[in-house]
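Down below is the structure, laid out as structure tokens.
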Amino acid sequence: MGLSARGGAAAAGGGAVLAVDAGNSKTDVLLAGVDGEILGTARGPGFRPAPARPDAAGEAVAELAGPVRAALAAAPPGADVVHIAACLANADLPREERALGAAVAAAGWARTAEVVNDTFAVLRAGLPDDDSVRHGVAVVCGAGINCVGRAPDGRVHRFPALGRLSGDWGGGAGLAEAALWHAARAADGRGAPTGLARALPAHFGLAGMPELIEALHLGELPAERRYELTPVLFAVAAEGDALAGRLVERQAEEIVAMARVTLDRLGLLGTPTPVFLGGGVAAARHPALHERVLRGLAEAAPRAEVTVVEAPPVLGAALLALDAADARPEARARLRRRLGGARGR
């Protein structure tokens, strides 16, 4: 699911495809010809749909209309948009993908449509464009944390990725929450001392944790600014702070656990398999986190081949759209070059 070509959407000689990457903080839309040339791009706000219910999908998809129409405005007159691939954050369950997919199809932006969780975009962006390797695992650690995998026979393993409800821990939001919790307890004496108690409020120019707690509680600091605290946590850990270091270590353990379980459930622990890391936290390659992830995977899954996906997430959505349009490998390669699809360990 999310990677197999959907033949018949278009011949490779004409038409265009739409790609949507809608994350927590922003939505990127790209219009490309099936030859891989970029025709137009647009950006909109983040995408946070409500949990699946009969009337929610249409409302959520309506939020994508602005950037989608802005990208479509670049289409040549009479251009046939044959397929739209939308990789959406917070579309975490297959039933949510189906509901959102029906709403995207009903919007009429393209002849055919597919909606998948945005983790599939990282998986597709990491895989080669000549179909030489069609199996792999992607772990995304950004605002949240998620993991998907695909076996050579097309079987998919995924997690619900609903936060604490489904057993998840970490991601930028989770790390910030944990850092705030420990810093608050360190400041008032209930918890172990940590440099986080000084560094977190100092980041906002505040005197201490009481002032930071008050500013967040009263909305004087918008809730989304908590994400700024994740790099502060890594900086404090790099200075040797024991508590901050344990949080970073736990995040590495979570990334390794998701990849290991996925490889195991797909029967890939004994097979050379690419494991792609994406999302702002993982892709930043904080040494303490990245090196622990590499060591952990080397121990838990020695055949795993770890790569950080550095390409913009919309590339994965665009490649999925080109796959569905039966585009030629050179068209996919051209688009990758245009978007900067470099990968590195």
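The values are calculated or read from the model by the stated rules, or taken from the named source; none is laboratory data. What you are looking at is a predicted structure, and each value in this text was computed from that prediction instead of being measured. As a convention, Cβ positions derive from the backbone with ideal geometry for all residues, glycine included, and neighbour counts pool all protein chains shown. What goes into the accessible areas is simple: the full protein's heavy atoms, side chains included, and nothing from ligands, DNA or RNA. Shrake-Rupley method; radii C 1.70, N 1.55, O 1.52, S 1.80 Å.
Tilt of helix 329-339 relative to the longest C-alpha principal axis of the chain, in degrees (0 to 90, nearest 10)?
With both axes taken from Cα atoms, the answer is about 40 degrees.
I want to verify a result. In a Gaussian network model of the chain, Cα cutoff 10 Å, which of these has the top mean-square fluctuation: 46, 78, 280?
78
Working only with C-alpha atoms, what are the Rg and Dmax values of region 205-345, expressed in angstrom?
Here Rg and the maximum Cα pair distance are 19.3, 59 Å.
Probe radius 1.4 Å, ligands and nucleic acids ignored: give me the carbon and sulfur share of the accessible area of the chain as a rounded percent.
Details: 7770 of 14710 Å².
Carbon with sulfur: 53 percent of the solvent-accessible area.
Mean residue ellipticity at 222 nm from the helices of the chain, using -39,500 (n - 2.57) per DSSP H segment of n ≥ 4 over the full residue count, to the nearest 500 deg cm²/dmol?
-13000 deg cm²/dmol
Using the Cα atoms as the points, what is the convex hull volume per residue of region 132-232 in Å³?
130
If you count only protein heavy atoms with a 1.4 Å probe, what accessible area per residue comes out for the chain, rounded to a whole Å²?
43
Could you derive backbone 3J(HN,Hα) for region 305-318 from the dihedral phi with the Karplus parameters 6.51, -1.76 and 1.60 (θ = phi - 60°), listing whole Hz in sequence and x where the residue is Gly or Pro?
Once θ is set to phi - 60°, the couplings for region 305-318 become 10, 7, 9, 8, 8, 9, 6, x, x, 5, 4, x, 4, 5 Hz.
Work out, in µm²/s and without decimals, the Stokes-Einstein translational diffusion coefficient of region 18-128 at 20 °C, 1.002 mPa s, Rh from Kirkwood over C-alpha pairs.
154
Distance between the C-alpha centers of region 259-306 and region 147-179? Whole Å please.
Their Cα centres are 14 Å away from one another.
Please get the size of the charge dipole for the chain, origin at its Cα centre, with Cβ charges of +1 on Lys and Arg and -1 on Asp and Glu, quoted in debye to the nearest 20.
For the chain, the charge dipole is close to 440 debye.
Taking the Cα centre of region 163-233 as origin and charging only Cβ (+1 Lys, Arg; -1 Asp, Glu), how large is the dipole, in debye to the nearest 20?
220
Give me the log10 of I(q) over I(0) for the chain at q = 0.10, 0.11, 0.16 Å⁻¹, as the Debye formula computes it from C-alpha points; what are the numbers?
Listed by q, the Debye log ratios stand at -0.62, -0.74, -1.32.
List the trypsin sites (Lys or Arg not before Pro) in region 226-293 that DSSP assigns to loop (not H, G, I, E or B) and whose Cβ has at most 15 other Cβ atoms within 10 Å. Which are they?
Qualifying residues, ordered by number: 285.
What distance in nm separates the two pseudo spin-label positions at residue 211 and residue 177, each 7 Å out from Cα along the beta-carbon direction?
Using points 7 Å along Cα→Cβ, the separation is 2.7 nm.
Ignoring everything but the protein chains, give the 1.4 Å probe accessible area of residue 181 in square angstrom, nearest 10.
Approximately 140 Å² for this residue.
Any idea what angle helix 94-107 forms with the longest principal axis of the chain, computed on alpha-carbon atoms, 0 to 90 degrees, nearest 10?
50
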